[in-house]
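The block underneath contains the structure these notes are about, expressed in structure tokens.
The values are calculated or read from the model by the stated rules, or taken from the named source; none is laboratory data. Treat the numbers as computed from the prediction; the structure is a model and nothing was measured. Every residue, glycine as well, gets a Cβ built from its backbone with ideal geometry; the counts of neighbours run over all protein chains shown.
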Amino acid sequence: MHNRFFGPKPRDAMTKDGAERLAIEALGFLAGDTGLLQRFFALSGLEPSNVRRAAAEPLFLATVLDYLASDESLLLSFAKSAGREPAAVLRARELLSPRSEDSI
């Protein structure tokens, strides 16, 4: 995409929609491994019975990416599996997480 004021859109630019899609992909990655999913549930306080309700919350997808970012080997494994750079996951996490000044 080309912007007449700023030139071509950077290849690694990410939108909020793109960040949400990446987080959903990450959730699918976790769901593909029972151990990873159970650990995510344990650390997030979620249970299989309330994950649908939690998924409707605005911060849920940020929580998924926080979980990936908290474990470098998991982050690298997901990034490799998804054909993404680990930095893309971190950018998506920033986009979906509330800004500190917004929470004051």
Original post:
Which residues, counting only those in the range 80-98, are farther than 15 Å from Leu27 by Cβ and in contact with an Asp or Glu (Cβ under 7 Å, 6 or more places away or on another chain)?
Top reply: Ala88
Original post:
Quick check, is Ala54 farther than 23 Å from Glu94 by Cβ, surrounded by 10 or more Cβ atoms within 10 Å (Cβ to Cβ) and at pLDDT below 95?
Top reply: no
Subject >> Spans of helices (runs of 4 or more DSSP H) in the range 51-96 with at least 2 residues over 13 Å from the mean Cα position of the chain (by Cα) and charged (D, E, K, R) >> reply: 51-55, 72-82
Original post:
Given the conditions (1) surrounded by fewer than 18 Cβ atoms within 10 Å (Cβ to Cβ); (2) in a helix (DSSP H, G or I); (3) without any contact (Cβ under 8 Å) to a residue 12 or more places away in the chain, and given that Leu43 satisfies all but one, which numbered condition is not satisfied?
Top reply: (3)
**OP:** Would you confirm whether any residue within the range 18-34 is of a type in the set (A, V, I, L, M), modelled with pLDDT of 95 or more and over 17 Å from Glu94 (Cα atoms)?
**Re:** yes
